[in-house]
Amino acid sequence: MIDFYNTINKKKEKFIPINKDKITLYTCGPTVYNYAHIGNFRAYIFEDLLRRTLEYAGYNVFQVMNITDIDDKTIKRSIDDGVSLEELTNKYTDAFFEDLDKLNIIRAHEYPRATKFIEQIIEMIQKLVDKGFAYQTDDNSVFFRVSQFSEYGKLANLNPDDMKIGDRVDNDEYEKEEIRDFALWKGYKKEDGDVHWDSPWGKGRPGWHIECSVMSTFYLGSSFDIHCGGVDNIFPHHENEIAQSKCALDDKFVNYWLHNEHLLVENQKMSKSLGNFYTIRDILDKGYKSEAIRYVLISSHYRQKLNFTMHRLDDAQKAINKLRELVRRLNEVENSIDKDSNIDEINKNFLNDFKRNLYDDLNISGSLGALFTWANKIFSLLDKNNLNKNESKKVKAILLDVDRIIGIIETKDDISEEEKKLILLREAARKNKDWEESDRIREELSNRGIIIEDTPTGTIWKFK
Ligand code: AMP
Ligand code: ZN
């Protein structure tokens, strides 16, 4: 029923779960040395859409997302900031969860942290050493011997000559047998400060790739349904995960590999030096709402590059307001006289269209196109007073059902208690015909990004 583009087979395939009662999903999570940026959140929103789509289709999903709380960057940042690794990573893990909530991303079932899995990581590395897939070097590191794994390069579609050193591989790893071999365990260096664990190879710390092999298979088994990440994760990270997991566990590992394309800002790579590097907090500070960020991130197909602009945020807020306006208008319908509006047919066609697009490799742009065409039809029926109460209830139920996927109509974004009070004060001023005061309050709310509209049934507000 659902098709996904599977990176490893380079084509769209029917999704056939291992166990249809429990879909197993692993999504690579953040490295918690800083606030995650909107590019990272494109990945997490795509994974949220995937999860919601599977659940909408009736599956139970069990999702695991790792938290990388140990790598070169986390160690360096904790030393630079003069705080312990734990203090640093706790701070940014908390911030990550806050941002997830702001974006209305459904929480994974487990968020394992690498530092809590050192024992299991050592165990998997030992297995690889015992089977001849890994070797120790003089600096007490352990490397994976890529030449032993004939499928290496299949996911990224690389031939051995293309395999350059990935950006997370130290350039000073002279002792490797082959340039493409990668670290499973990194022997202690003085730059690591007091971050180290004992192992059969001496003190050190795990490599980045092995943590995902260990934590995914710990929760989901040696063979599971779906593994996701951004396209930058394909090589070397996911390629290495496949090598480690298959060689250690002799199983299929992952059936479907799904990767999201990158987010660009104003058509450029996001970077601090270009001044176009944004966290969720940066955008909220500019006065935009998190629901608009969510809409921008979710509304383009995940396999296409997404060009993020502030203009898009404005358009997103308008689209959200339109759907909320529809809910409000539907709530206002009073009459229950039977009229021939053909609404059941209109609803049925819309839902078919919406689902057909969604189940076609998450073609959300197609689904949203169908949603707004349908919404316009409903507006026009409402304008003609052509929907009765019962029909309007049915339409609203469909709208809220569809919101299980897009997650923007019923969000937590709300105005503050103070702002609610201002709206009431303005209504009172209007009643007393104190137009000056009423205009003053309208202006104050407008400065806070809230638009006020007076309708026959009372005052309503929406975000600018
Ligand atoms: P990292 O913390 O760098 O491991 O990244 C976390 C997730 O965000 C991974 O799935 C990355 O592939 C993804 N990611 C990083 N940068 C971008 C970007 N600019 N656009 C989309 N996804 C990204
Ligand atoms: Zn990973």
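Which fully enclosed strands (runs of 3 or more DSSP E) of the range 222-332 have 2 or more residues being in contact with a Pro (Cβ under 8 Å, 6 or more places away or on another chain), in contact (Cβ under 8 Å) with a residue 40 or more places away in the chain and not small (G, A, S)?
Working: elements: 223-230, 253-260, 263-265, 306-308.
Here the list is empty.
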Exercise. For the range 308-341, what are the residues that are closer than 26 Å to G39 by Cβ and surrounded by fewer than 16 Cβ atoms within 10 Å (Cβ to Cβ)?
Worked result: T309, M310, H311, D314, D315, K318
Exercise. Restricting attention to the range 260-275, does a residue exist that is touching a helix residue (DSSP H, G or I) at 6+ places or on another chain (Cβ under 7 Å) and more than 22 Å from F4 (Cα to Cα)?
Worked result: yes
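Look at S222 and say whether it is farther than 19 Å from P30 by Cα and at pLDDT 95 or above.
Numbers: farther than 19 Å from P30 by Cα: yes; at pLDDT 95 or above: yes.
Taking the combined requirement at face value, the residue satisfies it.
Just to be sure, is N66 surrounded by fewer than 18 Cβ atoms within 10 Å (Cβ to Cβ) and not charged (D, E, K, R)? Step through it out loud before you land on a result.
Details: surrounded by fewer than 18 Cβ atoms within 10 Å (Cβ to Cβ): no; not charged (D, E, K, R): yes.
The answer is no for N66.
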For this session: Could you grab me the full set of residues in the range 1-36 that are buried (at least 20 other Cβ atoms within 10 Å of the Cβ) and either closer than 22 Å to M270 by Cα or touching a Cys at 6+ places or on another chain (Cβ under 7 Å) (or both)?
Result: T27, C28, G29, P30, T31, V32, Y33, A36
Exercise. Any chance the range 63-71 includes a residue that's away from ligand 1 (no atom under 13 Å from the Cβ), at pLDDT 95 or above and within 18 Å of the chain's Cα centre (by Cα)?
Worked result: yes
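Among residues belonging to the range 104-125 that are of a type outside the set (A, V, I, L, M, F, W, C) and over 18 Å from G229 (Cα atoms), point out the one that is farthest from ligand 2 (Cβ to nearest atom). Reasoning before the result, please.
Step one: filter the range 104-125 for residues of a type outside the set (A, V, I, L, M, F, W, C), giving 104, 107, 109-113, 115-116, 119-120, 123.
If we keep only those that are over 18 Å from G229 (Cα atoms) too, we end up with 104, 115-116, 119-120, 123.
Working: N104: 24, T115: 15, K116: 16, E119: 19, Q120: 15, E123: 18 Å.
Ranking the qualifying residues of the range 104-125, first place goes to N104.
Take the residues of the range 214-226 that are within 15 Å of ligand 1 (Cβ to nearest atom) and over 15 Å from I70 (Cβ atoms): which is nearest to the chain's Cα centre (by Cα)? Spell out the reasoning first.
Our first condition is that a residue be within 15 Å of ligand 1 (Cβ to nearest atom); within the range 214-226, this holds for 215-216, 226.
The next check asks that each one be over 15 Å from I70 (Cβ atoms); those that pass are 216, 226.
On the way: S216: 17, I226: 15 Å.
Taking the candidates together, the pick is I226.
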For this session: Return yes when S223 is touching a Lys or Arg at 6+ places or on another chain (Cβ under 8 Å) and of a type in the set (G, A, S) and no when it is not.
Result: yes
Exercise. If we only count helices (runs of 4 or more DSSP H) wholly inside the range 14-103, which ones have 2 or more residues that are more than 18 Å from D282 (Cβ to Cβ), charged (D, E, K, R) and within 16 Å of ligand 2 (Cβ to nearest atom)?
Worked result: 72-81
For this session: Would you check which residues across the range 227-271 are within 19 Å of the chain's Cα centre (by Cα) and within 19 Å of E151 (Cα to Cα) and list them?
Result: H227, N233, I234, H237, H238, Y256, W257, L258
For this session: Report yes if some residue within the range 203-221 is of a type outside the set (S, T, Y) and free of Cβ contacts under 8 Å to residues at least 12 places away in the same chain; otherwise report no.
Result: no
Exercise. Which condition number in (1) in a loop (DSSP other than H, G, I, E, B); (2) over 29 Å from I280 (Cβ atoms) is the one that E119 fails?
Worked result: (1)
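What is the residue count in the range 432-464 for residues that are of a type in the set (S, T, N, Q) and assigned to a strand (DSSP E or B)?
At the first step, the residues of the range 432-464 found to be of a type in the set (S, T, N, Q) are 432, 438, 446-447, 455, 457, 459.
Subset that is assigned to a strand (DSSP E or B): 455, 459.
Counting residues in the range 432-464 that are of a type in the set (S, T, N, Q) and assigned to a strand (DSSP E or B) gives 2.
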Exercise. Right, L445: surrounded by 15 or more Cβ atoms within 10 Å (Cβ to Cβ) and under 30 Å from T53 (Cα atoms) or not?
Worked result: no
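So which of D172, D161 ends up being away from ligand 2 (no atom under 16 Å from the Cβ), part of a helix (DSSP H, G or I), out of contact with any helix residue (DSSP H, G or I) (no Cβ under 6 Å at 6 or more places or on another chain) and at pLDDT below 95?
Within the list D172, D161, the selection yields D161.
Any residue in the range 394-414 that is of a type in the set (S, T, N, Q), modelled with pLDDT under 90 and either farther than 19 Å from L330 by Cα or not in a loop (DSSP other than H, G, I, E, B) (or both)?
Kept after step one, since they are of a type in the set (S, T, N, Q), are these residues of the range 394-414: 411.
Adding the requirement that they be modelled with pLDDT under 90 leaves 411.
Restricting the remaining residues to those that are either farther than 19 Å from L330 by Cα or not in a loop (DSSP other than H, G, I, E, B) (or both) gives none.
No.
The values are calculated or read from the model by the stated rules, or taken from the named source; none is laboratory data. Quantities reported herein were computed from a predicted structural model and do not represent experimental measurements. Using ideal geometry, Cβ is built from the backbone for each residue, glycine included, and neighbour counts are taken over all protein chains shown.
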